[in-house]
Amino acid sequence: MTTLYDLYTPLPGTAELPSPPVDQLEQVLRRRGESYRPRTRHLQPDGRAKYTNRLFLQTSPYLLQHAHNPVNWFPWGDEAFDLARQLERPLLVSIGYATCHWCHVMEEESFEDEAMAEYLNGNFIAIKVDREERPDIDTVYMSAVHAMGMQGGWPLNVFVAPDRKPFYGGTYFPPRDYAGGIGFLSLLKRIRETFDAAPERVTQAGAQLTEAVRAMLAPVEGGVSPEMASMDRAVKTFRDRFDMEHGGLTGAPKFPSSLPVRLLLRDYLRSGEKQSLSMAELTLRRMSAGGICDQVGGGFHRYATDAAWLVPHFEKMLYDNALLAISYLEGYQATGSMEFAEVARDILRYLQRDMAAPEGGFYAASDADSLTESGHREEGFFFTWTPDELAETLGSATSEIVAACYGVTKGGNFEGRSILHRDKDYVQLAKELMLPEEELVTILAESRELLYQARRRRPQPLRDEKILASWNGLAISAFARAGLVLNDPEYVDAARSSARFLLQKMTADGRLFHSYQEGEAKGEAFLDDYALFIAGLIDLFEASGEVIWLERSLQLAAAVQEQFEDRERGGFFMTGPRHEELISREKPAYDGVVPSGNSVMLMNLLRLHALTDDPLLLEKAKAALDAFAAQLDSGPVALSEMLLALNYLNDVPREVVIVAPAGKPQAAQPLLERFRRHFLPNRALVVICEGEEMRRASEWLPLLRRKKASGDRAVAYLCENRSCRQPTSDPEEFYRQLQRASIPRKI
């Protein structure tokens, strides 16, 4: 039998590097079986890979993409650093993720190049890191690049001494020298020359960068407790930078997360400022009409490269789509726009059809690139169309309508093809096409499904099938909230299924794991894994009324306090005692495309306190807010998600309790139907039936005491600080109470 060892042909310069362990390679090859296809241009005539390195033993899709590079990659670990120390070599730590377009480009140009690999193998120890598996490593070395005055991004390529201290770095490097700068091969040679000839410079640069990283990752101390003025300053900044034509912030590229729609909706609720509402509404409408929204398959791409949301970077991330589903649900509640509700449904349909794992949970991402009909890999080909392709799928008459609505032309708007988008709303389109609006909407809905099925026959973009606890927590929140707001039990079922998966497959002895791949949970969970999963469990409790989810959220919250809390200064570290100790320990203080673990955990503590009345939870939340007071005062836009928690704390959260008769959960529906009409974010919600479940819940929830149904009718209780308005079974009276509770009040 031919083994992988027979396929491995060392390049010159690799004699000092140990070969991959043959027995482990064979074991992994047997496990992957016939389905394994090497991704490399270095293939032997029989289709087998010419090179195999240690990354073949990993489960990360990103690392496996590099398992057959001629570069002799190592995974992150002591083996690589011990070898670098022994051989007196610098290390290249190259960080990326499986669906990263420019990571693919650099792999093809540099890491698949045999001459480049020969120099790397003979002069460096090369390490590959999946940033989604090890966000702690990524944060440390990204901070080092920022400290050098460079803009970050992926691939992230950092040169590191054997003591793990970075001394130089950057992002994408072209392979050879060019008119505007130095190529990667020349850079490698300069780095090695400096490492050998001027070790004192390398040591000094490493020490300086390490100190800079430690300063950047530790929050600024000092300051008084944050005030609502921080929220006012943030909103003003967003107003000053708002794109009045296209929504979002001015300029390009445009990320959906750059304008925090949910913060603007809360500002409108607290101040009555209609400009905040109109900014949020315009942004939601223009994003969902643009090319950044997948008009055929649903869901959103990662960002737009232009100011009009037209041309996306075609990656699709689980976290973006879960967060956007929540934003569109809140937009629907705040405005009553059914269009926003439909966008939320489209996002969730996409997640269920294209990103759901068979055994539960949701996959991480899909790639921007895919194969064309000629076999070349191109960005966006899978998602774009020509008029002929529309006609072939839909017929000539319908294709003309669809082309007119979605801007499909012969010349196209992207590489000779067209990105589907809408420049006009359905009312305008129906008028121009001289069709009844309802008929047009039906034609487009039916056409989208036909196009989706036709598109599925194209070569699919690579899908990163990691299951990450943090991003699945966001998905649980999105489905649970949609089930509640849209009155759809199937969405609640999807949230329940994902929560069970995380508890059964990614939790052991009260400890959460970070990721799940190839049937195995791996990696200690980080702060954001716990925080976002806890948030999802709280949302699932509110949507289902099942106490088990509240109990699990409280247990995990206790684990966070035990493992991650900064007991001296407040707030929470990214890593716990079981994580590897890196050159710096981060206390997350920035809400980027994914909210920081501190912002989410702070809100969790406030929500759990509103439900349980546990004073310790409120104390921990206030201590965390105080820890970030300086940042909230000086740069509140960087902590937009934490401002939601500040808003919650300074408001008086409403307590909404609906008690149905034993065995009759449907009795609560008329009252819940009125509740769904209102945007009431600062609240605690409990919907429960009398009987055993209510007795169990009462152990945790003092707000249930002395509350009951009325015969066969459910009763709604709307309270503040445990002081309740007149209980009612009348849906219209409950609606009036909610209206009064929703009146803007400055806090």
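The values are calculated or read from the model by the stated rules, or taken from the named source; none is laboratory data. All of these numbers come straight from a predicted model, not from anything done at the bench. Cβ coordinates were reconstructed from backbone atoms using ideal geometry, including for glycine residues, and neighbour counts include every protein chain displayed.
Laid out as a table, the results:
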item: Count of residues meeting criterion [over 26 Å from LEU468 (Cβ atoms), in a loop (DSSP other than H, G, I, E, B) and touching a residue at least 40 places away in the same chain (Cβ under 8 Å)] in segment 21-72; result: 10
item: Output for segment 457-499, where each listed residue is within 18 Å of the chain's Cα centre (by Cα) and among the β-branched types (Val, Ile, Thr); result: ILE467, ILE476
item: Options MET231, MET279, MET244; residue that is within 30 Å of LEU639 (Cβ to Cβ), of a type outside the set (Val, Ile, Thr), surrounded by fewer than 20 Cβ atoms within 10 Å (Cβ to Cβ) and not assigned by TED's automatic domain parsing to the domain that holds ALA147; result: MET244
item: Those residues of segment 561-580 which are acidic (Asp, Glu) and in contact (Cβ under 8 Å) with a residue 24 or more places away in the chain, in sequence order; result: GLU565, ASP566, GLU580
item: Failed item, numbered, when TYR406 is tested on (1) among the hydroxyl-bearing types (Ser, Thr, Tyr); (2) surrounded by fewer than 17 Cβ atoms within 10 Å (Cβ to Cβ); (3) touching a His at 6+ places or on another chain (Cβ under 7 Å); result: (2)
item: Any hit, segment 134-155, residues being within 18 Å of VAL105 (Cα to Cα), within 27 Å of the chain's Cα centre (by Cα) and crowded, with 22+ Cβ neighbours inside 10 Å; result: yes
item: Failed item in (1) free of Cβ contacts under 8 Å to residues at least 40 places away in the same chain; (2) touching a Leu at 6+ places or on another chain (Cβ under 6 Å), with MET434 passing the rest; result: (2)
item: Filter result for VAL427 (aliphatic (A, V, I, L, M), at negative phi and in a helix (DSSP H, G or I)); result: yes
item: Options ARG270, ARG266; residue that is more than 28 Å from ALA445 (Cα to Cα), surrounded by fewer than 24 Cβ atoms within 10 Å (Cβ to Cβ) and outside the structural domain of TYR97 (by TED's automatic domain parsing); result: ARG270
item: Every residue from segment 135-162 that is of a type outside the set (A, V, I, L, M, F, W, C) and within 20 Å of GLY122 (Cα to Cα); result: ASN157, PRO162
item: Residue within segment 180-201 that is assigned to a helix (DSSP H, G or I), farther than 30 Å from GLU109 by Cβ and assigned by TED's automatic domain parsing to the domain that holds VAL93 present; result: yes
item: Every residue from segment 213-229 that is under 16 Å from MET642 (Cβ atoms), at pLDDT 75 or above and either of a type in the set (A, V, I, L, M, F, W, C) or outside any loop (DSSP other than H, G, I, E, B) (or both); result: MET228, ALA229
item: Spans of helices (runs of 4 or more DSSP H) in segment 439-547 with at least 1 residues touching a His at 6+ places or on another chain (Cβ under 7 Å), modelled with pLDDT under 95 and surrounded by fewer than 24 Cβ atoms within 10 Å (Cβ to Cβ); result: none
item: Matching residues in segment 578-618 - criterion: being acidic (Asp, Glu) and within 25 Å of LEU540 (Cα to Cα); result: ASP591, ASP613, ASP614
item: Odd one out for ASP614 among (1) more than 21 Å from LEU468 (Cβ to Cβ); (2) at pLDDT below 95; result: (2)
item: Pair list, Cβ < 7 Å and 6+ apart or interchain, from segment 712-739 residues that are farther than 14 Å from PRO653 by Cα to residues that are of a type in the set (Lys, Arg) and in a helix (DSSP H, G or I); result: PRO731/ARG674; PHE734/ARG674; TYR735/ARG674
item: Check on VAL600, touching a Cys at 6+ places or on another chain (Cβ under 8 Å), modelled with pLDDT of 95 or more and not in a loop (DSSP other than H, G, I, E, B); result: no
item: Qualifying residue in segment 637-660 (condition: at pLDDT 95 or above and part of a loop (DSSP other than H, G, I, E, B)); result: no
item: Positions within segment 348-364 being within 13 Å of GLN460 (Cβ to Cβ) and touching a helix residue (DSSP H, G or I) at 6+ places or on another chain (Cβ under 8 Å), in sequence order; result: MET355, TYR363
item: Checking GLY375 against (1) outside any strand (DSSP E or B); (2) touching a residue at least 12 places away in the same chain (Cβ under 8 Å), the condition it does not meet; result: (2)
item: First in segment 117-143 and in contact (Cβ under 8 Å) with a residue 24 or more places away in the chain, second anywhere and acidic (Asp, Glu) and assigned to a loop (DSSP other than H, G, I, E, B), Cβ under 8 Å, 6 or more apart; result: ASP136/GLU580; ASP136/GLU586; THR139/GLU586; VAL140/GLU586
item: Top-ranked residue in segment 44-97 [being aliphatic (A, V, I, L, M) and within 29 Å of the chain's Cα centre (by Cα); ranked as farthest from SER110 (Cα to Cα)]; result: LEU57
item: Out of ARG31, ARG41, sole residue that is loosely packed, with under 14 Cβ neighbours inside 10 Å, at pLDDT 75 or above and not polar (S, T, N, Q); result: ARG41
